[in-house]
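Every number in this text was worked out from the coordinates using simple rules, so none of it is lab data. Keep in mind the model is a prediction, meaning the values are calculated, not measured. Here the Cβ positions follow ideal geometry from the backbone for every residue, glycine too, while neighbour counts run over all protein chains shown.
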Amino acid sequence: MKLFINLSLFLSTLIIIDNKSFSLTDYKIKIICKKEKYKSKCIKDLQEKKFNLEKGNLIEIPVVPYKK
């Protein structure tokens, strides 16, 4: 019985954690791309990265060095 309870708790936490996605929403993508010169290209790139992230593929995130 204890094994069944532990197994069910473990599987339920996997299901709950699996449904969370930390990718951007479409609304946030539009807000970010509002400042860009080519809005449609920016939206397309961010949506492609979002799709790849949700599928579990690796994505590249550019790092801009900090200048004092």
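Quick notes on this structure:
- Helices assigned as whole DSSP H runs in the chain whose Cα atoms extend at least 15 Å along their own long axis and whose mean Kyte-Doolittle hydropathy is -0.5 or higher are found at 2-18.
- Positive end of the dipole of the chain (Cβ unit charges, origin at the Cα centre): among THR13, ILE29, GLY56, the Cα lying farthest that way belongs to ILE29.
- Here the chain is assigned +1 on the Cβ of each Lys and Arg and -1 on the Cβ of each Asp and Glu. Its dipole about the Cα centre then comes out at about 520 debye.
- Model label points for PHE4 and LYS37, set 7 angstrom from Cα along the Cα-to-Cβ axis, are 6.6 nm apart.
- From its DSSP helices (H runs of at least four residues, each -39,500 (n - 2.57)), the chain gives a residue-normalised ellipticity at 222 nm of -20000 deg cm²/dmol.
- Protection proxy ranking, highest mean first, for peptides 4-11, 58-65, 33-40, 45-52: 45-52, 33-40, 4-11, 58-65, where packing is the per-residue count of other beta-carbon atoms within 10 Å, averaged.
- Structure-derived Kirkwood radius over Cα pairs in Å - corresponding label in (i) 12.1; (ii) 15.1; (iii) 12.8: (ii)
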